[in-house]
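Values quoted throughout were computed directly from the atomic coordinates according to the rules given, and no laboratory measurement underlies them. Just so we're clear, the structure is a prediction, and the values are computed from it rather than from any experiment. Cβ: placed from backbone, ideal geometry, glycine included. Neighbour counts: every protein chain shown.
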Amino acid sequence: MFCTPVALLQRNILLFIVVCLTATLPTIAQSSKTSPVKGNIIITGAAAAVLPDHDSTYYHSFDHYITTRFYFSQKYAGLELERPIGVSKFRYVPNTSLTMGVGVTYQSISLNLGYGFGFLNNDGQFYSGYYLTPKGLAASSPDAYYIRPDLKIRLFGVSAYHLLNADRFSYRAAHLQNEKQLRSAGSILIGAETYYGIVKADSSLVPSALSENYGQKGVRRLDFIKLGPGIGYAYTLVIQKNFFLTGSLCASATLDYSYQQGAKEKAEKFDVNKDFIYRIVAGYDKNNWNVNLALVGNQLTVTSATTKDKYLLSSGNFRLTLAHRFAPGHKLSNRLRPLDDMIKNVRGR
């Protein structure tokens, strides 16, 4: 249950990169948005000044500060199969641990490192692979879970969204804490998503005790590719200057190719499905300190090649973060200068 962190890009691009075993941990970036005046150097006599590349009355950037963070994170994921009305719902979920981690952000680069410690988890039971919920369904006892140590889910994907109002709305403020939203604002998001996934097990994904009710019975492996445009909206509500509530929802319509294998048959199908990415962050930001609680997740719909009932994959995490910003001293600033130059070259300014 690990995700690969990526370098952040530019202020007006919201980038999600997913390289996960069972869950997604999207990464955010916003970049400078140039205009005929903003972001350029104005020279008056011998003096020169760089105007901000956004409306500083709406949010303040701590681009040249170092933002450090300490966090607790709980991931969640699941595989659910659509079924006829009246048939019992079941969902495969992994037994994930609570993660404790640290992170740092400087300008457009962010790195988070976390580890799941056993002493942070109260539940003494831990299963390899996945188990079926609710408890007792398809299990040998009403008090036991049906366990699937052979079930594996792999998901890889990239989603990129352009913020139309990056001049006044900051995504970094809520998710990276290296900016602060001063006034309430929002932005329409326009972009695209692509995913590749594998769901496989040694035997049928549907337990034999439930096979009569599910059209996906007998399927042992599912491979899929998704690609399509998306649109969304994000908004931050600022309350009494320091409290904030940020929410966003992106919906996409993807062209899907699915290929599934059973014990005796194989099948493939093209279809169009809808997917969602959602984010909610509530927090408090004052005097370079930020504390927030975030929920980040997505839901993918994958077509079955042999029945109208589809596969639903969901993943995400809850995160509690305490962050602090500080200006680097003279010696540290000199050491960071090569990194500053590299970032300027990438940004093209």
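Somewhere in the stretch 268-276, is a residue closer than 19 Å to Gly215 by Cα and not in a strand (DSSP E or B)?
No, because not a single residue in the stretch 268-276 is closer than 19 Å to Gly215 by Cα and not in a strand (DSSP E or B).
Filter the stretch 225-272 down to the residues that are closer than 29 Å to Gly186 by Cβ, among the aliphatic types (A, V, I, L, M) and either buried (at least 17 other Cβ atoms within 10 Å of the Cβ) or within 20 Å of the chain's Cα centre (by Cα) (or both) and list them by number.
The answer is Leu227, Ile231, Ala234, Val238, Leu245, Leu249, Ala251, Ala253.
Got at least one residue in the stretch 285-293 being surrounded by 21 or more Cβ atoms within 10 Å (Cβ to Cβ), of a type in the set (Val, Ile, Thr) and under 22 Å from Arg172 (Cα atoms)?
No: zero hits.
Among (1) over 27 Å from Asn288 (Cα atoms); (2) polar (S, T, N, Q); (3) in a strand (DSSP E or B), there is one condition Thr236 misses while meeting the rest; what is its number?
Every condition holds for Thr236 apart from (1).
Could you check the stretch 54-97 and list, in sequence order, the residues that are part of a loop (DSSP other than H, G, I, E, B), touching a strand residue (DSSP E or B) at 6+ places or on another chain (Cβ under 9 Å) and among the hydrophobic types (A, V, I, L, M, F, W, C)?
Hits for the stretch 54-97 are Phe62, Phe90.
Can you confirm whether Thr307 is in a loop (DSSP other than H, G, I, E, B) and within 30 Å of Glu80 (Cβ to Cβ)?
On the way: in a loop (DSSP other than H, G, I, E, B): yes; within 30 Å of Glu80 (Cβ to Cβ): yes.
Answer is yes for this residue.
Could you list all residues from the stretch 126-136 that are of a type outside the set (Val, Ile, Thr) and either free of Cβ contacts under 8 Å to residues at least 12 places away in the same chain or touching a Lys or Arg at 6+ places or on another chain (Cβ under 9 Å) (or both)?
If the condition is that a residue be of a type outside the set (Val, Ile, Thr) and either free of Cβ contacts under 8 Å to residues at least 12 places away in the same chain or touching a Lys or Arg at 6+ places or on another chain (Cβ under 9 Å) (or both), then Tyr127, Gly129, Tyr130, Tyr131, Leu132, Pro134, Lys135, Gly136 are the ones that fit.
What residue, of Arg319, Arg325, is over 30 Å from Ala77 (Cα atoms) and either in contact with a Cys (Cβ under 6 Å, 6 or more places away or on another chain) or in a strand (DSSP E or B) (or both)? Don't jump to the end; show me each part of the working.
Working: Arg319 fails: over 30 Å from Ala77 (Cα atoms).
Checking each option against the conditions leaves just Arg325.
Does the stretch 246-266 contain at least one residue that is part of a strand (DSSP E or B), of a type outside the set (S, T, N, Q) and closer than 27 Å to Thr68 by Cβ? Working first, answer last.
We begin by selecting, within the stretch 246-266, every residue part of a strand (DSSP E or B); these are 246-262, 266.
Those still in the list that are of a type outside the set (S, T, N, Q) too: 247, 249-251, 253, 255-257, 259, 262, 266.
Filter once more, so that each one left must be closer than 27 Å to Thr68 by Cβ: 247.
Yes, there is a match, as at least one residue in the stretch 246-266 is part of a strand (DSSP E or B), of a type outside the set (S, T, N, Q) and closer than 27 Å to Thr68 by Cβ.
Return the residue satisfying two criteria in turn: it lies in the stretch 184-214 and is of a type in the set (Val, Ile, Thr) and over 24 Å from Ile153 (Cα atoms), and of such residues it is surrounded by the most Cβ atoms within 10 Å (Cβ to Cβ).
At the first step, the residues of the stretch 184-214 found to be of a type in the set (Val, Ile, Thr) are 188, 190, 194, 198-199, 206.
With over 24 Å from Ile153 (Cα atoms) added as a condition, the list becomes 188, 190.
Values: Ile188: 14, Ile190: 16.
Taking the candidates together, the pick is Ile190.
Answer with yes or no whether Lys217 is assigned to a loop (DSSP other than H, G, I, E, B) and surrounded by 17 or more Cβ atoms within 10 Å (Cβ to Cβ). Outline the logic, then answer.
Numbers: assigned to a loop (DSSP other than H, G, I, E, B): yes; surrounded by 17 or more Cβ atoms within 10 Å (Cβ to Cβ): yes.
Against the criterion (assigned to a loop (DSSP other than H, G, I, E, B) and surrounded by 17 or more Cβ atoms within 10 Å (Cβ to Cβ)), Lys217 qualifies.
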